[in-house]
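First the structure, in the form of structure tokens, and then the observations on it.
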Amino acid sequence: ILNVEQSPQSLHVQEGDSTNFTCSFPSSNFYALHWYRWETAKSPEALFVMTLNGDEKKKGRISATLNTKEGYSYLYIKGSQPEDSATYLCAFYFPGANNLFFGTGTRLTVIP
Amino acid sequence: DGGITQSPKYLFRKEGQNVTLSCEQNLNHDAMYWYRQDPGQGLRLIYYSQIVNDFQKGDIAEGYSVSREKKESFPLTVTSAQKNPTAFYLCASSLEGQYTGELFFGEGSRLTVL
């Protein structure tokens, strides 16, 4: 089982603040990295699937960067809103195991 | 609306009983997956299926069984051989089975063994 680490485990920010969190993964044999957003009582929803070193993807106020050589990805949220409150999961695809290895998530709470 | 439907949402089972969790998708996806979530851990893969009538074990398949008789359906049976079945179970699907595309998830089923 490959280790995918997310930090911080949880954070609280004020509405309007920008925030970011980290996903660390093994840098060798990189193939793809996924980001999901999981609101309480709902299903996890895909944000990004990233495959290229240096990739930067954006969806509204949320963006992500990828560094496959050093094994990390950052997720940024600009101007956080209460509806951004959710757990953000990253997952690393390792072809050798044909499996997606998930981190434990970063739980974000945006305080109005 | 297209999506993944899991049922039931909550299930209680006595020790020694088998229980089957349903997962149906109308997205016309080839690949389907079952994950398990435990407190403090990332989602772990139980079984996956890339095509009808074929499925593969994931990391924690012991005590579970699946079938894939139809493209739309991938039920998971939690057998009495599963030593610690109380958990939250998520079903997912993807267009292809290579994880380069996003997964689409259901809302999950919470199983409690009494």
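The values are calculated or read from the model by the stated rules, or taken from the named source; none is laboratory data. Keep in mind it's a predicted model, so treat the numbers as computed, not measured. So basically every Cβ, Gly included, is an ideal-geometry build from the backbone, and we count neighbours across all protein chains shown. The area values use the complete protein model at the heavy-atom level, side chains included, leaving out ligands, DNA and RNA. Shrake-Rupley method; radii C 1.70, N 1.55, O 1.52, S 1.80 Å.
Report every pair of residues separated by at least 6 positions or lying on different chains whose Cβ atoms are under 9 Å apart, first residue within segment B:57-81 and more than 19 Å from B:Phe105 (Cβ to Cβ) and assigned to a strand (DSSP E or B), second open to solvent by 30 Å² or more (accessible area, probe 1.4 Å) and of a type in the set (Gly, Ala, Ser).
Partner pairs satisfying both residue conditions: B:Thr77/B:Ser65; B:Thr77/B:Ser67.
Filter segment B:82-101 for residues that are touching an Asp or Glu at 6+ places or on another chain (Cβ under 9 Å), in a loop (DSSP other than H, G, I, E, B) and within 11 Å of chain A (Cβ to nearest Cβ) and give the result.
Hit for segment B:82-101 is B:Gly97, nothing else.
Give the residues of segment B:105-114 that are under 15 Å from the mean Cα position of the chain (by Cα), open to solvent by less than 60 Å² (accessible area, probe 1.4 Å) and more than 10 Å from chain A (Cβ to nearest Cβ), sorted by residue number.
Let us first name the residues in segment B:105-114 that are under 15 Å from the mean Cα position of the chain (by Cα), namely B:105-111.
Restricting the remaining residues to those that are open to solvent by less than 60 Å² (accessible area, probe 1.4 Å) gives B:105-106, B:108-109, B:111.
Within segment B:105-114, B:Ser109, B:Leu111 qualify.
In segment A:77-100, which residues are outside any loop (DSSP other than H, G, I, E, B), over 15 Å from A:Thr22 (Cα atoms) and open to solvent by 20 Å² or more (accessible area, probe 1.4 Å)?
Answer for segment A:77-100, where residues must be outside any loop (DSSP other than H, G, I, E, B), over 15 Å from A:Thr22 (Cα atoms) and open to solvent by 20 Å² or more (accessible area, probe 1.4 Å): A:Pro82, A:Glu83, A:Phe94.
What number goes with the only condition from (1) among the charged types (D, E, K, R); (2) open to solvent by 20 Å² or more (accessible area, probe 1.4 Å); (3) part of a strand (DSSP E or B) that B:Arg36 does not pass?
(2)
Which residues, counting only those in segment A:45-76, are among the hydroxyl-bearing types (Ser, Thr, Tyr) and either within 11 Å of A:Cys90 (Cα to Cα) or open to solvent by 40 Å² or more (accessible area, probe 1.4 Å) (or both)? Break it down stepwise before answering.
As a first pass, look at segment A:45-76 and keep what is among the hydroxyl-bearing types (Ser, Thr, Tyr): A:51, A:63, A:65, A:68, A:72-74, A:76.
If the condition is that a residue be among the hydroxyl-bearing types (Ser, Thr, Tyr) and either within 11 Å of A:Cys90 (Cα to Cα) or open to solvent by 40 Å² or more (accessible area, probe 1.4 Å) (or both), then A:Thr51, A:Tyr72, A:Ser73, A:Tyr74, A:Tyr76 are the ones that fit.
For A:Leu11, work out the one condition from (1) within 13 Å of chain B (Cβ to nearest Cβ); (2) of a type in the set (A, V, I, L, M, F, W, C); (3) surrounded by fewer than 21 Cβ atoms within 10 Å (Cβ to Cβ); (4) assigned to a strand (DSSP E or B) it doesn't fulfil.
(1)
Exactly one condition in (1) open to solvent by 50 Å² or more (accessible area, probe 1.4 Å); (2) at the interface with another protein chain (Cβ under 10 Å from one of its Cβ atoms); (3) under 20 Å from B:Gly101 (Cα atoms) is not met by A:Lys42; state its number.
Condition not satisfied by A:Lys42: (3).
What are the residues in segment B:47-104 that are among the charged types (D, E, K, R) and either surrounded by 15 or more Cβ atoms within 10 Å (Cβ to Cβ) or within 19 Å of B:Gln37 (Cβ to Cβ) (or both), if any? Explain how you work it out, then say what you get.
First, the residues of segment B:47-104 that are among the charged types (D, E, K, R): B:54, B:57, B:59, B:62, B:68-72, B:83, B:96, B:102.
Result: B:Lys57, B:Asp59, B:Glu62, B:Arg68, B:Lys71, B:Glu72, B:Lys83, B:Glu102.
Which pairs have Cβ atoms under 6 Å, sit 6 or more apart or on different chains, and link a residue in segment A:12-33 that is polar (S, T, N, Q) to one that is at pLDDT 95 or above and open to solvent by less than 40 Å² (accessible area, probe 1.4 Å)?
Close Cβ pairs (under 6 Å, with a partner that is at pLDDT 95 or above and open to solvent by less than 40 Å² (accessible area, probe 1.4 Å)) amount to A:Thr19/A:Val13; A:Thr19/A:Ile77; A:Thr19/A:Ser80.
Count, please, the residues in segment A:70-112 that happen to be within 14 Å of another protein chain (Cβ to nearest Cβ) and within 28 Å of A:Ser28 (Cβ to Cβ). Before you say what the answer is, go through the steps one by one.
Quick first cut of segment A:70-112, residues within 14 Å of another protein chain (Cβ to nearest Cβ) only: A:86-107.
Now narrow it down to the ones that are within 28 Å of A:Ser28 (Cβ to Cβ): A:87-106.
Count: 20.
Just to verify a result, which residue in segment A:21-41, among those that are on the phi < 0 side of the Ramachandran plot, modelled with pLDDT under 95 and in a loop (DSSP other than H, G, I, E, B), is farthest from the chain's Cα centre (by Cα)?
A:Ser28
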